Amino acid sequence: MADPRRLSDLDLERALTALGPRYPYPPTPNLAMAVTRRIAPRQAAPAPRLVLWRDSRRLALAAALLLILLGAAALANPVTRDAIAHFFHVQGVIVNRVPSPNPSLSAPTTLNLGRLTTLAEAQREVSFTIAVPAQLGPPDAVYVASGPPGGEVALAYAPSPGIPLVGQTGLGVLITEFRGDLIPGFITKEIGPGTTLEEVSVNGDPGWWIAGAPHSIVVHVSPNADNFETLRLAANTLVWAHGGVTYRIESGLSKAGAMRIAGSLL
């Protein structure tokens, strides 16, 4: 006789089926989907926009600083500095670096300054106001030349206490004035290895201080032709331009002494 406590397989299946709604099995997790989600590449965050210059004034300032740095680097190089001296010359004056000044030049018998005249007469013949240095007073001699456009004036001063004799001119101080704006390449100065070239400011105007070994002066005789004449060797020279007029002070003085004379030009 069968044991009433033992259930047949059919009865067990029926019992489990009856219990199904009351005790459901947990659903099988979708492992494939979970793995796919883990290895799927995340969308890269957009790179932040790089705004270099929000203010045009900052850009202008940066450009100006860059030009200053480039200019300083150029002036530190002697070759570049000489090229700049040639290109950015003072009105009426060009400065060139040469292996050596003309060896055949010596102290001239005449300076070719023009016609000896008076200050009043010279003023009537030129198209600019002649400036006389208050520190030196009236010149010992005045010369005027009508060749350059607008005319040229030379003020000659003899040696005196504190103003030494210059062998290249036989004078103490020689000041020349001409319209550099009318003939940009009127004078070319050729400086050799023993001559120094320094950029200076004369009464707020850019200029050059040329000192050391004598340098050659080359004059553009005719503004309408390539006609040049090498005049002579020159001593220490301060040259600058103001208001269209180019000024040149040649002497045996130091830069400070020449600057004092330039500052007293009236």
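Quick notes
- Highest to lowest packing among 187-197, 236-246, 156-166, 201-211, scored as the average C-beta count within 10 Å: 236-246, 187-197, 201-211, 156-166
- Rolling a 1.4 Å probe over the protein heavy atoms gives segment 122-189 an accessible area of 38 Å² per residue.
- Computing FRET efficiency as 1/(1 + (r/R0)^6) for Leu119 and Ser160, where r is the C-beta to C-beta distance and R0 is 25 Å, gives about 0.85.
- In sequence order, segment 185-197 has phi-based couplings of x, 4, 10, 10, 10, 9, 10, x, x, x, 10, 9, 10 Hz under the Karplus curve 6.51 cos²θ - 1.76 cosθ + 1.60, θ = phi - 60°, and Gly or Pro positions carry x.
- Converting phi to 3J(HN,Hα) with the Karplus coefficients 6.51, -1.76 and 1.60 and the offset θ = phi - 60°, segment 162-179 yields x, 10, x, 6, 9, x, 6, 10, x, 10, x, 9, 10, 10, 10, 9, 7, 7 Hz in sequence order, with x at every glycine or proline.
- Per-residue Karplus couplings for segment 137-149, computed as 6.51 cos²θ - 1.76 cosθ + 1.60 with θ equal to phi - 60°, are listed in order as x, x, x, 6, 8, 10, 10, 10, 10, 9, x, x, x Hz, Gly and Pro entered as x.
- Shape call, segment 119-266: gyration tensor on alpha carbons, a/c limit 1.5: rounded
- For segment 182-204 versus segment 233-266, the gap between their alpha-carbon centres in whole angstrom: 11 Å
The values are calculated or read from the model by the stated rules, or taken from the named source; none is laboratory data. The shown structure was predicted, so the numbers you read here are calculated from the model rather than taken from an experiment. Using ideal geometry, Cβ is built from the backbone for each residue, glycine included, and neighbour counts are taken over all protein chains shown. The protein model used for the area step is the full one, side chains on, heavy atoms only, and it has no ligands, DNA or RNA in it. Shrake-Rupley method; radii C 1.70, N 1.55, O 1.52, S 1.80 Å.
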